[in-house]
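Everything below concerns the one structure shown next.
The values are calculated or read from the model by the stated rules, or taken from the named source; none is laboratory data. Note that the structure is predicted; figures quoted are calculated from it, not measured. Cβ atoms come from the backbone with ideal geometry, glycine included; neighbour counts cover every protein chain shown.
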Amino acid sequence: METLKLISIISAGALACMVVTGAAAGEKSCEKRSNNNHKKLLECVTIEAVRAHQAELQLIADDNGGTRASGTRGFDDSAWYIGTTLEAAGYTVEYQPFEFSTYEQFAAEFEQLEPNPTNYSTTDFDGMTYSGAGDVTASATAVDLDLGLENVSTSGCEATDFAEFRAGDIAVIQRGACSFGLKAINAEAAGAVGVVIFNQGNTEERKGIINGTLGESSNVGIPVIDVGYDLGVTLNGRTLRILIDSAVVITETLNVLAESRFGDPDNVIMAGGHLDSVAGGPGINDNGSGSAALLEIALKMAKVETVNKVRFAWWGAEESGLIGSTAYIFDPEFGITQEEYEALALYLNFDMVGSPNYVFGVYDGDGSDFGLVGPPGSDAIEATFEQFYRAAGEPSQGTPFSGRSDYSAFIQVGIPAGGLFTGAEGIKTPEEVALYGGVAGEQYDPCYHAPCDTFDNVSLKALDVNSDAIAYAILKYAMSTETINGVKGKGNFKERKLAMDAEKGKMFEYSGSRLQQ
């Protein structure tokens, strides 16, 4: 791998564009003391410091063609910035290199030739990552659709769905029930020359374009695009043209892991998020928000003598199919050993925590909102975040374990998991506007996977509140995992006392852009 290089310290000009609000402990005080309780830690984890890390990531992207994607110098510089900053604070840092196939898309076109010729723009469709290349024109044939709200589409998940499909056509497939890669593989096996996958439409949130991936291992050889629900339902029987010009190359990237100096190595808590952006943008919300918050929390916890070992993770190649975190769990070369697996008490995931048109989403560990129950202990993690939002006087809502972020490998092997998510390409509802403000009918993140996901693409309130929520949960579990695995903490960090304190009412008062106890 090309030698990693630390970029320059953040410029005064970049800092000048920040919104500076609220009071906090002096920086020197925060650096010198052990922030070993929630009052001190949350006082020191400031929105200004988190934004400074985001500004640094923006500068890195600016110096590297507007991207921080894994396999690029922009990612390497991001990883080196995270790692060297943590090493200077006293953490043991490990860089875990691994190879992966990276997908490069040079051109994508989609048009309807008959009837009503229409040339669609890239706001109407997206070439799916790891699509095959090709330029095809054919009639479109729908495959086992189930339309309307609350549908339970399994379109394209079984080979039998294509029993009446005519070879040489373009398959029109609906999202739902199985991976995009499996749908495309089945279509290609049935003789399709191209595939259009449209969003499921079972809820209002699942109607936009998908921005999906077929996955690194799909090996699909035909062009595959995705479109929104409303367009997808119109395509059956139309004559379509799809062009994808792309290539797959093998490259190298890495995970960055940082471990605390203190704590029981036989009872480890992990907190992580992906560091890479998509190729087409700097990724300052996705996921410079989670990455920056985790970095600042780690720095402010560097002197805390935790009861449990704390391991922070910044994953590589998430945008290419969760590759870094999956390798950490499953790769026989550098994945965790059985002993390390048994020591993992829980995993917390923070992927997009400052979306401009945000909701406060908490992963649905108990399955009460979406039906998919996390491993035992995930319900307690969900309750911890819900407890924080109640104490802060903020609303929150469940978000599903959809498998789209780095918690996926952890829950597959039974490790309790949880975390926060402020929304991506989903559409904000009027009911959510009543709770959080914002704009109904627009994406939670209008710049999701786009060049405009820059330093300005953030809700300061959401990022500030969530930085404190993340700090609250990490410190809590660093001191006690009693509700997860029965390992008790000590003193003020007994689980029962924490719950009682929060349930007394507003443990935090929100003023300006700070949560203060």
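Criterion first (surrounded by 23 or more Cβ atoms within 10 Å (Cβ to Cβ), farther than 22 Å from Tyr95 by Cα and in contact with a Ser or Thr (Cβ under 7 Å, 6 or more places away or on another chain)) does Ile269 satisfy it?
no
Suppose the filter is in the same structural domain as Gly354 (by TED's automatic domain parsing), surrounded by 17 or more Cβ atoms within 10 Å (Cβ to Cβ), at pLDDT below 60 and assigned to a helix (DSSP H, G or I); does Ala478 pass it? So Ala478 does not fit the description; no. Quick one: in region 127-146, of everything that is of a type in the set (Gly, Ala, Ser) and touching a Ser or Thr at 6+ places or on another chain (Cβ under 9 Å), which residue is farthest from Ala190 (Cα to Cα)? Across region 127-146, the extreme among qualifying residues is Gly127. Can we say Asp286 is among the acidic types (Asp, Glu) and under 29 Å from Glu48 (Cα atoms)? Yes.
So which residues in region 368-412 are acidic (Asp, Glu), touching a Pro at 6+ places or on another chain (Cβ under 9 Å) and more than 19 Å from Met270 (Cα to Cα)? Across region 368-412, the qualifying residue is only Asp369. Scanning region 37-87 for residues that are surrounded by fewer than 24 Cβ atoms within 10 Å (Cβ to Cβ), hydroxyl-bearing (Ser, Thr, Tyr) and within 15 Å of Asn285 (Cβ to Cβ) turns up just one, Thr67.
Being buried (at least 22 other Cβ atoms within 10 Å of the Cβ), more than 30 Å from Glu333 (Cβ to Cβ) and in contact (Cβ under 8 Å) with a residue 40 or more places away in the chain is the requirement here; does Phe110 meet it?
yes
For region 325-339, the criterion of being surrounded by 24 or more Cβ atoms within 10 Å (Cβ to Cβ), part of a loop (DSSP other than H, G, I, E, B) and assigned by TED's automatic domain parsing to the domain that holds Glu482 is met by no residue. Every condition in (1) of a type outside the set (A, V, I, L, M); (2) out of contact with any Cys (no Cβ under 9 Å at 6 or more places or on another chain); (3) on the phi < 0 side of the Ramachandran plot; (4) without any contact (Cβ under 8 Å) to a residue 60 or more places away in the chain holds for Glu150 except the one numbered (3). The strands (runs of 3 or more DSSP E) found wholly in region 107-182 and carrying at least 2 residues that are under 20 Å from Ile222 (Cα atoms) occupy 125-127, 134-143, 170-174.
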